[in-house]
1. Would you mind telling me which numbered condition in (1) under 24 Å from SER47 (Cα atoms); (2) outside any helix (DSSP H, G or I) GLU183 fails?
2. Given the condition crowded, with 19+ Cβ neighbours inside 10 Å and not in a helix (DSSP H, G or I), answer yes or no: does some residue in region 120-138 qualify?
3. Restricting to region 139-169, count the residues that are assigned to a helix (DSSP H, G or I), small (Gly, Ala, Ser) and either over 17 Å from LEU50 (Cβ atoms) or open to solvent by 20 Å² or more (accessible area, probe 1.4 Å) (or both).
Amino acid sequence: MRSLLDSKKKSGAGLDVALGLVPQQRQQRQHQPRMFSCVSCFWVLLSACLVAVCSFSFLSPSWIVKSGEQEEQESVSFGLLWHCSDSLEHMSGCYTFEGLGKFNDIPSSSWQTSAVLCCGGCALLVMSCLLAIVTLFLPSGLCERRLCTLAGYMQTAAVFIMASGLLVYPFGLNSATVKKYCENSSIYYAGDCQMGWGYMLAIVGVMLSVFLPFFAKYAPKEHISPTPIPTIL
């Protein structure tokens, strides 16, 4: 009698496995929340690196550079908020425009617009990076997916805002202050000057930031299927 009951239990268990009716405890073990995933870790690392790159490039004074080829010429470089000079007659160093920290002292309205856009986009990158770090310590679920989606939208907006700022910046080459040092300069033409490493680094940072929303889409640790797949083996 006991052997007959044991055979029935074994046959019933085999039927459950074949039909995908796995016990609830096994299903809970399979769906236990994981704290980390490779995509989410790489997303957070890339976000932090690009925040550092964009912040460093936006604060650098080497967006437009004029190198003094001769001893009599003055080496000058311009950035979003700073300018640097190196000459024998004047004191060398980097200063804010007009020596004051006022926003209106930026010599071109195009540069003022570019400064607002670039700083705003960088602020969005910082906030999205903080959200990405928070998602690492959240269990997989609806809250994690919503934060990843929100961070992805913020990173998408940051890319468009910073790209707009970089496109607007060369319009300021037509200002009187830039023409004073870079002769024959005009819109999208630096004249005797050239684009510096700060502007190039900002372009590279924005181009790499395009990939952040893509990783944000796949950053959640588990993608829940609407219909459970039956377990055959």
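1. The number of the failed condition is (1).
2. So far as region 120-138 goes, no, none of its residues is crowded, with 19+ Cβ neighbours inside 10 Å and not in a helix (DSSP H, G or I).
3. 3
The values are calculated or read from the model by the stated rules, or taken from the named source; none is laboratory data. These figures come from a predicted structure and were not determined experimentally. Cβ: placed from backbone, ideal geometry, glycine included. Neighbour counts: every protein chain shown. These accessible areas exclude ligands, DNA and RNA; they are computed on the full protein's heavy atoms, side chains included. Shrake-Rupley method; radii C 1.70, N 1.55, O 1.52, S 1.80 Å.
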